[in-house]
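Could you have a look at this structure, given as structure tokens, before my questions?
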Amino acid sequence: MKKLLFSLLAVSALGITAFTTLIELPIGADLPKADVKMKDISGKEISLKEAIKKNGLLVMFSCNTCPYVIKNQQRTVEISNYALKNDIGVILINSNEGQRNDDDSFKAMQNYAKEQGYKWFYTIDKNSELADAFGANRTPETFLFNKEGKLVYHGAIDDNPSDGNAVTRKHLKEAIDEALSGKNISVQTSRSVGCTIKRL
């Protein structure tokens with residue numbers, strides 16, 4: 001009887017853990033964990049506070065192998081270059097701690113970034129600390145902060161993560177343009193579609 005009771009308690013505990021959801025960073029929130037240092041592919045330590053530029057910061061949770069990251073790779077490069085061109089900092093964050101010794105190792109990140117021509121930060125999120133603070137669950141998943149460091153957009157790059165040829169609205173680009181012009185962001189959130197972040 002005691003063994004059965006302990007088994008039920010263990011299953012219940014696992015169930016609670018399995019269904020624990022992260023708190024999603026709300027629109028208007030300040031940049032979280034801004035001082036936490038992360039290892040960039042350059043080998044240097046970088047924080048969000050150091051990555052932000054005059055007109056804000058684009059944070060994207062990403063990785064090397066997710067099929068949706070690959071489908072969105074050209075769009076990732078395009079929007080990241082667009083952000084930098086408009087004096088918005090760009091930092092991609094790899095929070096897949098569960099694959100750190102495999103496809104999302106530091107060396108694999110360096111190789112992937114080189115292949116894709118990254119001109120921005122690509123960092124390791126140790127123990128998924130930043131992903132937890134942001135409430136991020138997917139790759140790719142984007143967060144745009146304005147020049148005041150306030151979150152103005154959270155979600156997908158555009159309205160068709162599965163098919164770049166079928167895109168009808170570029171959510172992130174529109175949000176960047178509206179933020180730069182001082183307008184209210186017309187679409188503040190959208191659904192991120194991708195692979196789950198592989199936490200430990």
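Test ASP87 against the stated conditions and say whether it is assigned to a loop (DSSP other than H, G, I, E, B) and among the acidic types (Asp, Glu).
yes
Give the residues of segment 24-39 that are of a type in the set (A, V, I, L, M, F, W, C) and within 13 Å of LEU151 (Cβ to Cβ), sorted by residue number. Steps first, answer last, please.
Start the filter on segment 24-39 by keeping residues that are of a type in the set (A, V, I, L, M, F, W, C), which leaves 25, 27, 29, 31, 34, 36, 38.
Selection gives LEU25, ILE27, ALA29, LEU31, ALA34.
While we're on this one: Against the definition (more than 18 Å from ASN55 (Cβ to Cβ), over 16 Å from the mean Cα position of the chain (by Cα) and without any contact (Cβ under 8 Å) to a residue 60 or more places away in the chain), how does THR168 come out, yes or no?
Yes: the conditions hold for THR168.
Scan segment 92-111 residue by residue and report those that are small (Gly, Ala, Ser) and buried (at least 23 other Cβ atoms within 10 Å of the Cβ).
Going through segment 92-111, the residues small (Gly, Ala, Ser) turn out to be 95, 98, 105, 108.
The answer is SER95, and nothing else.
Let me ask something else. Hey, can you tell me all the residues within segment 144-173 that are surrounded by fewer than 16 Cβ atoms within 10 Å (Cβ to Cβ) and assigned to a helix (DSSP H, G or I)?
GLY164, ASN165, ALA166
Now for a separate question. Of the residues that sit in segment 72-91 and are closer than 20 Å to ILE46 by Cα and more than 16 Å from the chain's Cα centre (by Cα), which one is surrounded by the fewest Cβ atoms within 10 Å (Cβ to Cβ)?
The selected residue is ASP87.
Working only within segment 85-101, note down all residues that are aliphatic (A, V, I, L, M) and over 14 Å from LYS37 (Cα atoms).
Within segment 85-101, the first condition is being aliphatic (A, V, I, L, M), and the residues that meet it are 88, 90-93.
Selection gives ILE88, VAL90.
What are the pairs with Cβ atoms under 9 angstrom where one residue, in segment 126-137, is assigned to a loop (DSSP other than H, G, I, E, B) and the other, located anywhere, is at pLDDT 95 or above and of a type in the set (Val, Ile, Thr)? Sequence gap at least six, or different chains.
Partner pairs satisfying both residue conditions: ALA136/VAL59; ALA136/ILE93; ALA136/ILE197; ASN137/THR196; ASN137/ILE197.
Checking LYS126 against (1) more than 22 Å from ASN72 (Cα to Cα); (2) over 17 Å from the mean Cα position of the chain (by Cα), which test does it fail?
All conditions pass for LYS126, except number (2).
While we're here: Are there any pairs with C-beta distances below 7 angstrom linking a residue in segment 112-125 that is among the hydrophobic types (A, V, I, L, M, F, W, C) to a residue that is surrounded by 20 or more Cβ atoms within 10 Å (Cβ to Cβ) and in a loop (DSSP other than H, G, I, E, B), with the two at least 6 apart or on different chains, and if so which?
Partner pairs satisfying both residue conditions: ALA113/ILE41.
Also, quick follow-up: Exactly one condition in (1) surrounded by fewer than 19 Cβ atoms within 10 Å (Cβ to Cβ); (2) more than 14 Å from the chain's Cα centre (by Cα) is false for CYS195; which is it?
(2)
Same structure again: So, in segment 174-192, of the ones that are within 15 Å of the chain's Cα centre (by Cα) and surrounded by fewer than 18 Cβ atoms within 10 Å (Cβ to Cβ), which residue ends up farthest from TYR153 (Cα to Cα)?
Checked segment 174-192; the qualifying residue farthest from TYR153 (Cα to Cα) is ARG191.
A further question on this structure: Quick check on segment 95-111. Is at least one of its residues part of a helix (DSSP H, G or I) and either within 24 Å of ASN160 (Cβ to Cβ) or of a type in the set (Phe, Trp, Tyr) (or both)? Walk me through it before giving the result.
Here is the first cut: in segment 95-111, the residues part of a helix (DSSP H, G or I) are 97-99, 106-111.
Keeping just the survivors that are either within 24 Å of ASN160 (Cβ to Cβ) or of a type in the set (Phe, Trp, Tyr) (or both) gives 106.
Yes.
The values are calculated or read from the model by the stated rules, or taken from the named source; none is laboratory data. The model shown is predicted, which means the values in this text are computed figures rather than measured ones. We place every Cβ from the backbone using ideal geometry, glycine too, and count neighbours over all the protein chains shown.
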